[in-house]
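Structure below; questions to follow.
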Amino acid sequence: MIEWVTVFTSDIKKIGYDSATNKLHIDFKDDSDTYSTYCNVPQDLYYQFVSASSVVHFYNQTIKDKYDC
């Protein structure tokens, strides 16, 4: 089951994590009905992501292009 957290950024609506599969899901504010999925993401990284002072910066530096499925 995906645990979703709403974030308040200009680019991301919400972030979800499925601990059973270690998949991270990001719902971007691009008006699409789909979300991006990232694989083999450690759960502690998810917690760091949702609590980061700049979620978008954390995404760009730590997740983007590193956990593609």
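The values are calculated or read from the model by the stated rules, or taken from the named source; none is laboratory data. Just so we're clear, the structure is a prediction, and the values are computed from it rather than from any experiment. Virtual Cβ from ideal backbone geometry, glycine too; neighbours counted across all protein chains shown.
Do you know which residues across the range 50-69 are buried (at least 16 other Cβ atoms within 10 Å of the Cβ), in a helix (DSSP H, G or I) and out of contact with any Ser or Thr (no Cβ under 7 Å at 6 or more places or on another chain)?
Passing the criteria: Val50, Phe58, Tyr59, Ile63.
Which members of the range 1-48 meet the condition of being closer than 18 Å to Lys64 by Cβ, polar (S, T, N, Q), part of a loop (DSSP other than H, G, I, E, B) and touching a residue at least 12 places away in the same chain (Cβ under 8 Å)?
If the condition is that a residue be closer than 18 Å to Lys64 by Cβ, polar (S, T, N, Q), part of a loop (DSSP other than H, G, I, E, B) and touching a residue at least 12 places away in the same chain (Cβ under 8 Å), then Thr9, Ser10, Asn22, Asn40 are the ones that fit.
Still on this structure: Sort out which residues of the range 31-49 are under 19 Å from Thr9 (Cα atoms), surrounded by 11 or more Cβ atoms within 10 Å (Cβ to Cβ) and either at pLDDT below 95 or of a type in the set (Ser, Thr, Tyr) (or both), and write them in order of number.
Tyr35, Ser36, Thr37, Tyr46, Tyr47
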